[in-house]
Structure formats: C-alpha cells, structure tokens
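The values are calculated or read from the model by the stated rules, or taken from the named source; none is laboratory data. Note that the coordinates shown come from a computational prediction; the quantities given were computed from them, not determined experimentally. No Cβ is skipped: glycine too gets one built from the backbone with ideal geometry, and neighbour counts run over all protein chains shown.
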Amino acid sequence: MTRTALDVLLNRSPRRKGKPRRRGTTTSKSTRPASPVAVKRKWIEGARWGCLAAAVLVLIVFLVAQRQSIDGSYGNSPSSSGYMEGDADELSDYSVPSDKELVELVGANPVTRLPGSIAYWDEQRVRDAIGDEDVRIIVAPPGLDKEERLRVKDVKGFDHLITVVGTEVGSNLAGVVPDRLSEWRGPFATGDVTDLMIAIILHNLHKGDPPPTQPIGVREPTPAELEPVAADLRANGVHVAEGATLTDVPAESAGQAFPDGALFAVFPQQEAGRPLPDYGAALTKEFPGKPIVVMFGNWIEYHGPQAEDFADVAAGSFYGQFAERLSRYDYPQRNILGTYLARVTDLRYAGVFDRPVPDQPFDPVRVALPALPWIFAVCGVVFLVLSARQVGTPPPVRAGGRRLAGLTALAIEVSGLSHDPALTRAIASLQSAREMHRKKLPDRHVSALLDEAAGELDQVAKSLGRPEYRPDNYLVGRLA
C-alpha cells in the first residue's frame, strides 16, 4: 500500500479517478516559523511598493495644493480696489458751452473761467511768466465727461492756450503732471495750480526751466478753530466741517486700515494763497498716540504713530496712482477717503506700517508643501534601488515549493522503514499539494496540504522512534 502511494507521488502510475479518499482524522499541523530569508524578502517587497504608493500620494497632494491663479498681494490684504472706476459719482452737473461759444469766450478774454471751476493761481507770478506773449487761459470745472473735456482742450485758433480742467493743467502743445507730494498738496488741498501753470507756460514759450516749487505754508489753528474739532473727535471720533462733502467714514475700510481705531477730521477745499491750518500737529498733541487722518478737499494726510515712516509712503503711493483722476473728476470725499483707507490696509499687510500682520491659522499642507518634493524624491530613489535589487535577484521559489520538496524527500526516505497508514495519508497530501503547486493555485491551499502531510510524517517518525525524521528536525537547513 505504501509503495503504491509512493509510485503515485513519483508519477509511476496514472492518477486514479473516483470518489475522493477519506483522510485520517488524526493530524498534526506543523507550527514551524517561516524562513528568515522569506521574511526579509517579504519585508523588502512591501517596502518597495509602499515607497511607490507614498511617492504617488505625495505627488497628488503637491499638485492639488498648487494655486492655479496668481495672487500678487502681500499677506492677502482684504482691502478692495476702491471707488476710482465705474459709477462713483465722479461726474458733476456742470457742462461747457458749444465749440463756437468757447472760441468767442476765449477770444474776448485772456482768462475764461467757466461755472464750477475750482482752480486758482497767483495772478502776478503767472503774469510775470507770460510777459508780453499772447497766452489765453480757459478754466473748466472738474467732473466733465470725456466729450466735454475734449471740447475744452480742442479750442481752435490760438497759438498759446492753457487749459485747466479741475486742477489738471495742460495746453494744446503739452501737459504737466506733479511728481512729488509738495506739488500735489497745493492743487488738492486749495486748488492752487500756480506752479503747474508757470511750468507749462515757460515750456510752451521756450523760456527755460520753471523755478522751484513754492510749498504751501502752514499755521497753527486758533483755539476757536481747534476746540469744535477736538470736541467732535472726543464725542464720536469724526469731525466734518461745514462745506465738506463727507457723509460718513466707511466703517469697514476704517476698521481694516486702523484696527485699534482712528480719528477723522474732514474739511472742504481751503482758500488758495493762504497758509493751511495745521490741524494734524495740533490734534496729535490733543490725542497723543492716536492715529489721526486729516482731509482738506481731495488732500489726505496722516498723523500719529509711525507717521515719520508711514505718512509719506501712504500719500505718495495713493496720489501717485490716483492723482490724474482726482484732478479732473469730482469725486465725493467719502469715495476718496475709502480708497485711501484701502491703500493703508494694503501697506499694513505688506509690513510697511510696522504693525503686526494678523495671525494666519495653522495649515499643515502649507507648512509641509516645501518638503513634499524632497519626500517624493526620497521615495522614488528607494523604490528604484529596491527594484534594481529585485531585477538582479533570481525569482524566489513560490511559497511552499521548497517545503514540498523537503517533505517529499522525507516521505521517500521513510517509505522503506514504515508501513504506517499515516505515511500513505502523508504521501496523498503531498501529491495533492504538488498538483495545486503545478497549477499555481492559491498558496494557502498548498500550505494547508503541506501542514497535513507534515503532521502525518511526524506521526510516522514517532512510531519509528526516529526523532531525526520528524519534519521540524529533518527540514532544518533545507529551507534556509
């Protein structure tokens, strides 16, 4: 019986068909641990594919986290772009005469001032610059639409025509634009365009360079002037003088520009040719350490903490961008103030105002984003190294292959010493395991049959009294 079963195991007789054999109920499953080499190989294979999976995951996270739009703001300032474009009530109700009427008016008068004009100048200084030349001047109000502005600037029939629209000064030959704060302050605070007119007149008449700009003088406000302003600021933080067009301070813009609060003193355009009352310095003494914004007409200035480092930067950047529109349009003071406050907010978030930037909530993706390319590179290198090692290593024997060979050798060796039915059952299990291994069926089925065969062979070794034939002892070294 044993020899027949052994012949079947060694393929010496055809496989019988019929009902499946009944296996013995007495089995002893092998509990021998897996080979250290197999464990190491399994660990390396897991590490290789784990690194590939990590690299793919890191790449996906990195690509998804990339911003698809450009954000050029510093610190993500929440300020808006302001009121300078679109429908911001910048057009006035004034209009200009027809082309024919303008020609008649300019021809009849050296200076033609249309209703609503706000520009003024030192007549003596301008007359000295003109000399004996025939120079005509036409002054129009701000807030004209494009067609009306062109009608004023295109008056024909005069060699030297100076046009002033709002506080924008030009001619039929050239235009003049302020480029420093001292030159902006006069036109926007008082409507004084003296220096601008002298510059363009001398340019058109080829009389050389203009003289240095004469800055507007300042004076200390009288107690009668200062007291009502200070009283309003103590009461509600805002003073709007008679004649000013400000209705209210934009609360949201003010809160973003000055989170700790600020005081606002707003006045109409001041009289040209007279010193400006220096409310900024006086109010700084009354309210030390408090941000103060003073507005004369279209001119805004800041006083208070960090004024030396901040005031000129804020005014220069604001008027450098919006001076052209402010000079020709009739914007309400509220719109101008709101846009100035938005610029202050931009400067605050850029760090120019020397105030702390609001804390940003912790974002693990943002913090880890710079490290993701390095993690991807490391995972990729580890995967390539382990893959190269796998290529240079012979393919491992399928799970159970070596153990099947070892148990088969043990069965053959003890077949001449024993006729125990357990040996027959072991050989049958080995035959089934070999068939499953050849057909590449799941390894767990092969292992289950090998465990049964090992248990039967262990019983055979015990019945022979030969410990060296016990599977755990016999296979030592064969699977290493």
Q: Please find, among VAL177, VAL238, VAL169, VAL229, the residue that is hydrophobic (A, V, I, L, M, F, W, C), touching a strand residue (DSSP E or B) at 6+ places or on another chain (Cβ under 8 Å) and under 26 Å from PRO110 (Cβ atoms).
A: VAL169
Q) Among (1) under 34 Å from the mean Cα position of the chain (by Cα); (2) at negative phi; (3) modelled with pLDDT under 85, which single condition is GLU90 missing? A) (3)
Q: Go through segment 298-335 and give me each residue that's aliphatic (A, V, I, L, M) and farther than 30 Å from ALA140 by Cα.
A: ALA307, ALA311, VAL313
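Just to be sure before I move on: is HIS239 in a helix (DSSP H, G or I), of a type outside the set (Gly, Ala, Ser) and surrounded by 15 or more Cβ atoms within 10 Å (Cβ to Cβ) in the structure I sent?
So HIS239 does not fit the description; no.
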Q: Taking ALA281 as meeting all but one of (1) surrounded by 16 or more Cβ atoms within 10 Å (Cβ to Cβ); (2) in contact (Cβ under 8 Å) with a residue 60 or more places away in the chain, write down the number of the exception.
A: (1)
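May I ask you to say which residue of ASP179, ASP209, ASP195 is at pLDDT 90 or above, among the charged types (D, E, K, R) and either surrounded by fewer than 17 Cβ atoms within 10 Å (Cβ to Cβ) or outside any loop (DSSP other than H, G, I, E, B) (or both)?
Among ASP179, ASP209, ASP195, only ASP195 is at pLDDT 90 or above, among the charged types (D, E, K, R) and either surrounded by fewer than 17 Cβ atoms within 10 Å (Cβ to Cβ) or outside any loop (DSSP other than H, G, I, E, B) (or both).
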Q: Please state which one of VAL460, VAL476, VAL446 is of a type outside the set (S, T, N, Q), out of contact with any strand residue (DSSP E or B) (no Cβ under 7 Å at 6 or more places or on another chain) and modelled with pLDDT under 80.
A: VAL476
Q) Within segment 318-349, restricting attention to residues that are modelled with pLDDT of 90 or more and of a type in the set (Asp, Glu), which residue is farthest from LEU144 (Cα to Cα)? A) GLU324
Q.
Looking at segment 385-407, can you tell me whether even one residue there is farther than 28 Å from ARG48 by Cα, part of a loop (DSSP other than H, G, I, E, B) and at pLDDT 80 or above?
A. no
(Q) Taking the condition of being buried (at least 19 other Cβ atoms within 10 Å of the Cβ) and either over 39 Å from the mean Cα position of the chain (by Cα) or not in a loop (DSSP other than H, G, I, E, B) (or both), how many residues in segment 245-254 meet it? (A) 2
Q | Residues satisfying the stated conditions in segment 287-310, i.e. among the hydrophobic types (A, V, I, L, M, F, W, C) and modelled with pLDDT under 90 | A | ALA307, PHE310
